[in-house]
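Please treat every number below as a calculation from the coordinates, not as lab data. Keep in mind it's a predicted model, so treat the numbers as computed, not measured. When we count neighbours, we look across all protein chains shown, and the Cβ atoms used for this are built from the backbone with ideal geometry, even at glycine.
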Amino acid sequence: MSITNNATSSGVGWFVRFADLLAALGTFWIFVLMTLVVADVAGRNFFDTPLTGVAEFAGLSVAAIVFLQLGAGILGGRMTRAGFLIDLIGRRLPRLRLALDVVYALVGCVIFALLTYSAWPELVQSWQSDEFYGVRGLYMLPGWPFRTLAVIGAAMATLAYLFLIPALLRREPADTTRAS
Amino acid sequence: MSDLGFTALVIGTLVLLVLMGMHIAVALLTVAFVGMWVIRGNFDLALQMMYMSAYGGISSYIFATIPLFVLMGLLVSISNIGKDTFDVAETLLRRVAGGLGVATVAANAVFAAVTGVSIASAAVFTKVAVPEMANHGYRKAFAAGTVAGSSVLGMLVPPSLLLIVYGVLAEESIGKLFIAGLIPGVILAVGFVAMIVLLAIFAPRFVFDFDRLKELGEARRIQPVLTGKQLAGKSLPIVALVLLVLGGLYAGFFTPTEAGGMGAFGAFVIALMRRSLTPQRMWQVLRETGGVSISILILLIAALFYSRMLAMAGVPMAISDLVLDAGLGPYGFLALYVLIVLLMGMILDSTSILLVMIPIAAPIATDFGFDLIHFGIITVIAVEIGLLTPPFGISIFTVKSTLNDESVSVESIFGGVLPYVAVMLFVLALIAAFPALTLALV
């Protein structure tokens, strides 16, 4: 279910590019995470100066990486599915398969819209209460940037599922390529 | 509604949606959301719980292992370490019956210690081992089956993504699971080797293509043999990497997350030293790492939410009572469980099976007195068998598509892999019967 390939010809090119940009950030973040973990191990063992807060930052990084890549992941067909039955259906009844795929995309859209809706008040609260991670005085990571990524990521996922629908409908009904 | 009725409805809906091809993460999230809303009659609570799983649940130090080990595996895959390992094994084992098959298993076992994904091993060794085996008169289907069969070692020998996922779901120590996977991994590899040697001696028609052997004639015996210096050069990087990751974990020097970070960094340095890393390639590797990680992590988020909903609804308790009342006994339960996992393996990928099964099965296994680490290794072997059985044997498809050879059909690869499945079933029974095989080192 990848629409990234022919996106330039459609009206959602800007959205795909933005999702790619976020994913690139998430990609870069993985490399930073590796560097920090190595620096912490090296610092602790060779220079007797461990980096404080790497463990906490690593945990938060996972959430950040997920939310940054979510939109591009959905657009790029990274969502796992059991393709066995639906491929069979697609060969016999391509229209039924199309209908199912559209319904699935709608459900995905709704559930991520709910996630976005639930993430927003948490961001507001984090901002208003100056939420932070870590130990006051030693090291402090503000909470709001991570909460913001959660809102953006969930919203991108919602839109990604929404934009899958026209892409599905434009596709030839006879096209039975594997979706995953 | 009674607990059992609700349980049947929740699990039935999920299985139906997943079977019908809905994205598994979406199916898990939706069923969990609606389920929680119904149980508590509180829409806002369901919203809050979903956010907690998606944000707080995933922000965990231990989850950072996933992108790090994926990065390490991909870096190792592009820097020709797989081919070198195979070359070394080929030279060392050239006098053994079925030596190239044994070499493939041995190289896979070592390679498994630096990668956490079976599919990665399958792709690397299809390119390296299958052509070499075919050149030496092995049947291509047997060669492909050997690669697919031995690739499952990637998930059992630590570091293993499946063991990480299991550890998260069962709330068990991932470091301990990694160590527990070592002995079963070795037993499985030894079992594969024994089976290849026996087949080569007693059923050579299954292993070799005799027409091709005749064609090759004497040419086959003249093999390029590596010098001692070449051997050392080719084995040094992988040995260093295995020592760094496994040694660090086993000595308690690294946490699993640190082992992942150090392993990825080690693989990065090796790839740089071999000049197999241009900036563009590094970027491709990182993008792929992101893609693979997100597909696992989003499933984990969804599964965390789903398992919270199940716990809130008392589903594990209800099923546990049912199983206890049925008078199955611990091994009856285990047999039933393995059977269900094997059946699911025919249609689902490994991670998804764990996500659906473990939240329900782990509490029951505890009730029956199983050690969850022992139970985890059993689960992973059972799930891995699913990678090799039709109709959805993902390892088989990987080998087939990487091989891209018209003369080798999917069916013939399934045939070639059958002996490996038999060995796995045997090892599974062995490990189920003797928990010490997993727990001795822990």
Whole-number percent relative contact order across chain B, with pairs defined as alpha carbons under 8 Å at least 6 apart: 26 percent
Packing-based ranking, highest mean first, of B:140-149, B:335-344 given that Cβ atoms within 10 Å are counted: B:140-149, B:335-344
Descending semi-axes in Å of the stretch A:20-99, equivalent ellipsoid built from Cα gyration tensor: 43, 12, 9
Cα convex hull volume per residue for the protein assembly as shown (Å³): 166 Å³
Pairwise label distance in nanometres, B:Leu339 with B:Val38, each label 7 Å out on the Cα-Cβ vector: 2.8 nm
Range of Cα positions in the stretch B:125-199 per principal axis (Å), largest first: 48, 24, 14
For the stretch A:66-153, projected area of the alpha-carbon convex hull averaged over all directions, nm²: 7.3 nm²
Hits among lysines - C-alpha to C-alpha of B:Lys83 under 21 Å, sequence gap 8 or more where chains match: B:Lys127, B:Lys140, B:Lys229, B:Lys234, B:Lys400
Test item: A:19-31 mean partner chain Cβ contacts at 10 Å: 4
Most fluctuating residue given options A:Trp144, A:Trp120, A:Trp14, as computed from a GNM of chain A linking Cα atoms under 10 Å: A:Trp14
Rg/Rh for the stretch B:282-397, where both radii come from Cα atoms and Rh is the Kirkwood radius: 1.04
Rg ratio (alpha-carbon, reference 2.2 N^0.38 Å) - chain A: 1.28
Inter-part distance where the stretch A:20-70 and the stretch B:130-207 are each reduced to a Cα centre, Å: 32 Å
Inter-probe distance in nm under a simple model that places probes 7 Å from Cα toward Cβ, at A:Trp127 and B:Gln230: 6.5 nm
Peptide-level mean, for B:14-20, of C-beta atoms on other protein chains within 10 Å: 3
Spatial separation of Cα centroids for the stretch B:353-380 and the stretch B:57-128, in angstrom: 27 Å
Expected-Rg normalisation [2.2 N^0.38 Å, Cα atoms] applied to the stretch B:103-166: 1.11
Contact order normalised by residue count of the stretch B:1-101, Cα under 8 Å, 6+ apart, percent: 12 percent
Cα long-axis angle, helix B:329-345 against chain B (0 to 90 degrees, to the nearest 10): 70 degrees
Number of partner chain Cβ atoms within 10 Å, mean per residue of B:27-35: 3
For the stretch B:281-308 and the stretch B:393-442, distance of Cα centres in Å: 25 Å
Between helix A:144-170 and chain A: long-axis angle, C-alpha atoms, 0 to 90°, nearest 10: 10 degrees
Rough spin-label spacing in nm, given labels placed 7 Å along Cα→Cβ, for B:Arg275 and B:Asn404: 2.6 nm
Convex hull volume per residue for the stretch B:362-442, taking Cα atoms only, in Å³: 109 Å³
